Amino acid sequence: MNDDDDKDQSLHELSLGHGASIISQLVDIGSEQNQQRHTKFRPFVSRLQCLRPQGRELRRTSINAFHEQQYVALSYTWEPSEYEDPCNGRYRVEGWDVNRLKLSAVRNCVLDRVLSYMRYAKVQFLWIDAECIYQDTCDDVAACTSHRRCTQKRDALQAMDLVYRLSKHPVALLARPLQTEFELDLLTDILSGHLVDGDCNFRLSRPTTVDKATEALSLLGEITRDIWWSRAWTFQENYHGGDRMRLLIRHDQSLERQKLRVRHGIFGEIPGELCVWSVAFSTEATRLCLALRGAGVELRPDDVRRIDDVLRAATRYTAVLHESSTMTPAVVTDIEARGLSKPWDRLAILANCCQYPVRLDCEALSKQYHSLSLSVLAMCLLNGEILDNNDSSLELVAPLTTSGFLKRKLFGAFSAPEDDPRRLSFNKGCRLTDVKLTVGGILTKGHLWKLSHVIDTSMFRKKLPWINNPSGRLKPNQRRRLLQLVYRLNKLKHYPLAGQMDEYLATDAKSNAKKAYTPFTENYLHCMAAEIAAAIKACRKLRLGSIWCPTRRSPYSAVFVWPDKDEDEDEAHPPPAFVFTSAWFRDPGSKTYEANDIDRHVSLEVSLEEALDGTGVPHLRVRRSLLGMCFFHGYPRTKVVFPWPRALQAVKP
């Protein structure tokens, strides 16, 4: 395989090096012959091979990890750290095909530490890749079709992220130990959050001096220099371990009593180990780095470098990303920054972290001498990531790398529902469906709405209408406000939309308020109904939409929350606007294969431009994110094209 890694090359260099425009390369890379369904072999997880310790013997056992999640999924580096003894042989593990025991190739110190955790947490089962995935396979395991073990290893590698996502005990081993009382006190101060104030605009707390903060930063720099933070596969394991991932940090035995005296037991009680939540560590490390960066003092060059290094290793996305943005560019950058023995594995790791159902065939692409970094970009787009193509000027993107281009040009102004506490997760689902990359742009399917009439809800009566049945998932006042809208729609003689909303309210009234909706479409419609109710409460304007059709007029069947500041805000019938929506539930896969998909929802105001390719397919440019209730039953999805950003079209050899 061609392992040349071009992540540091600019778009201009990639165009020159391959003798083709960036657009034509993306179209070639994204062709159907290079696509694969990113499926995961469920039996690997439902018959997950684990180890059950018996003294220094590790016996094999099988569990159904979809149901039995009380197992340790171990995250560690195969190569030893400078702080570790590389010796192995203290433990014996049961063979795959016979009951005979053999010496484990895993380092003694690794097994010592994880078994100590298992005794502390009272967990019986251990999953560790070196012993729970077949290792005796062909060198080119990705291409081998002759051996059952090679097939099994491929299935295991593709589904490995599920092992960490399902485990109740994902555990990571850090090698750099804490050695002094001063270091333990510093880490205690960091994790307690006492060094930093603020929930978004972080600042050093009043008792915290810059000197104290830089000492804490120095310790964070030492901890995050551990090679575990520098590998792409361990990044994936930490990502999928989520808020259950624990970091084990060794400490000198002299610190045992001091550790146990720390309030709230934030370090646990494992002899010789600090047991720290990974999310807590990343959150407080990020808060401290941002507070120091904004402290208004000139930092030493070493401290500036440490801040960059710590954030590169352990950034907490919710602390650094705006709530309207998408996490994808940050994930791409973080994976790029970590080491891989096979750079093309970056495609698999990215697909796992972002839950992409479409994966590109790295073997085929490498043999065709395609660009790895452009393959990453193509895979993002094929899985529905949205480019901001509303660039009226030729903004220069040729000097950017592909990850830099993603950071600059992926659309990042989404409007999550007001009451959604996990807005970045909502934004993650803002993706197109059924995507095809064409010379003219990104082809997809959905519903295109023409918006016309504006309803000013500040004119609604302050007294809410009476309702006979206050039950349902909607709160009573939400129901009353939506009923106000129904009354206004009937008064304006928009009877179809009024009837659809009235029917929705009646259906909701019959639902069990204590149960969350399981069907994605019902849950999404409820979120949008709550958003319309919140807009009415805030006296905002709503705008009515009908399915776009160039030859006939359709009745209104959608209502959107209109921006408070708009150039036509004083008009009841301003010039038409257009919205593209697409809501599609995830592919659940089958009994044999997990589809690696997520629910998708897109609601964007767009500008409609004339198609130049003679297809008659609407060509759309993104303007902004809009939320609203859409009743599209009976209206088939239609094809649309999002043209390439003009600046990207200009990148040619």
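Bear in mind that the values in this text are calculations on the coordinates, not laboratory data. Please read these numbers as outputs of a predicted model, since none were measured by experiment. Please note: Cβ atoms are built from the backbone with ideal geometry, for glycine as well, and neighbour counts cover all protein chains shown.
Using all alpha carbons of region 175-320, what is the percent of pairwise distances in each 5 Å bin, ordered from the shortest bin to the longest?
Taking all Cα pairs of region 175-320, the binned fractions are 2, 10, 20, 23, 21, 15, 8, 1, 0 percent.
Once you have the alpha carbon radius of gyration of region 42-166, what is it after dividing by 2.2 N^0.38 Å, with N set to its residue count? The partial results should precede the final answer.
Details: Rg = 14.6 Å, N = 125, 2.2 N^0.38 = 13.8 Å.
Normalised Cα radius of gyration, region 42-166: 1.06.
Fewest first, what order do 229, 96, 127 take by the number of other Cβ atoms within 10 Å? Before the final figure, lay out each step's value.
Details: 229 21, 96 14, 127 24.
Ranking 229, 96, 127 by Cβ neighbours within 10 Å, fewest first, gives 96, 229, 127.
Which semi-axis lengths, in whole Å and largest first, follow from the square roots of five times the eigenvalues of the Cα gyration tensor of the chain? Let's see the in-between values first.
Numbers: eigenvalues 427, 188, 142 Å².
They are 46, 31, 27 Å, listed largest first.
How large is the Kirkwood hydrodynamic radius of region 1-73, counting all unique pairs of alpha carbons, in Å? Before the final figure, lay out the partial values.
On the way: mean 1/r = 0.0585 Å⁻¹.
Hydrodynamic radius (Kirkwood, Cα pairs) of region 1-73 is 17.1 Å.
So who's got an amide H within less than 5 Å of the one on residue 400, skipping anything under 5 residues away but keeping other chains? H placed 1.01 Å off N, in plane.
Residues meeting the amide H criterion: 11, 12.
For region 269-420, what is the per residue volume of the convex hull drawn over the alpha-carbon atoms, in cubic angstrom?
Working: hull volume 34.5 nm³, N = 152.
Convex hull of Cα atoms, per residue: 227 Å³.
Order these by the 10 Å Cβ neighbour count, fewest first: 344, 277, 466, 449. Display every interim value, and only then the final one.
Values: 344 20, 277 15, 466 8, 449 30.
Going from least to most buried by this count: 466, 277, 344, 449.
Using the Karplus curve 6.51 cos²θ - 1.76 cosθ + 1.60 with θ = phi - 60°, work out ³J(HN,Hα) for each residue of region 48-65 in order, rounded to whole Hz, and write x for Gly and Pro.
5, 6, 10, 10, 10, x, 9, x, 9, 9, 10, 9, 7, 8, 10, 10, 8, 5
Distance from the Cα centre of region 597-653 to that of region 217-257, in angstrom?
Computed from Cα coordinates, the inter-centre distance equals 43 Å.
Return one number: the angle in degrees, 0 to 90 and rounded to the nearest 10, between the long axis of the Cα atoms of helix 495-509 and the longest principal axis of the Cα atoms of the chain.
40 degrees
Would you grab the residues whose amide H sits under 5 Å from the one on residue 387? Only those 5+ places off in sequence or on another chain, please, with H modelled 1.01 Å from N.
411
Taking neighbour Cβ counts within 10 Å as the exposure measure, how do 491, 259 sort from fewest upward?
Values: 491 9, 259 23.
Least to most surrounded, the residues fall as 491, 259.
Plugging the Kirkwood radius over Cα pairs into Stokes-Einstein for region 388-521, at a temperature of 37 °C and a viscosity of 0.692 mPa s, what D comes out in µm²/s? Intermediate values should be presented prior to the final figure.
Working: Rh = 19.4 Å.
The diffusion coefficient I find is 169 µm²/s.
Please compute the contact order of the chain in relative form: average sequence separation of alpha-carbon pairs under 8 Å and at least six residues apart, divided by the residue count, as a percent. Please report the intermediate quantities before stating the final value.
On the way: 1178 pairs, mean separation 107.6, N = 653.
After rounding, I find 16 percent.
Given R₀ = 56 Å, FRET efficiency for residue 8-residue 637 by Cβ-Cβ distance, to 0.05? Mind showing how you got there, number by number?
On the way: r = 40 Å, r/R0 = 0.71.
Efficiency at R0 = 56 Å is approximately 0.90.
Give me, ordered by chain and number, the residues 5 or more places off residue 598 or on other chains with an amide H under 5 Å from its own placed amide H.
Here the answer is 587, since their amide H atoms fall under 5 Å of that of residue 598.
At 222 nm, what helix-only mean residue ellipticity would the chain give, in deg cm²/dmol to the nearest 500, using -39500 (n - 2.57) for each DSSP H run of four or more?
Numbers: 23 runs with 238 residues, N = 653.
Helix contribution divided over all residues of the chain: -11000 deg cm²/dmol.
With the dipole of the chain worked out from charges on the C-beta (+1 for Lys and Arg, -1 for Asp and Glu) around the Cα centre, which of 447, 427, 31 lies farthest toward the positive end?
Selected residue: 447.
Could you list, in their original order, any pairs among 102/342; 475/537; 342/367; 7/409 whose Cα atoms are separated by more than 22 Å?
On the way: 102/342 29 Å; 475/537 13 Å; 342/367 15 Å; 7/409 17 Å.
The answer is 102/342.
With only alpha-carbon atoms counted, please give the Rg and Dmax of region 441-649, in Å.
In order Rg, Dmax, the Cα atoms of region 441-649 give 18.4, 58 Å.
Through the Karplus equation 6.51 cos²θ - 1.76 cosθ + 1.60, θ set to phi - 60°, convert the phi angles of region 547-552 into ³J(HN,Hα) values in whole Hz; use x for Gly and Pro.
4, 6, 8, x, 10, 8
For region 355-368, just list the computed ³J(HN,Hα) in residue order, Karplus coefficients 6.51, -1.76 and 1.60, θ = phi - 60°, integers in Hz, with x standing in for Gly and Pro.
So the J values, rounded to whole Hz, are 6, 8, x, 9, 10, 8, 7, 5, 4, 5, 5, 5, 5, 8.
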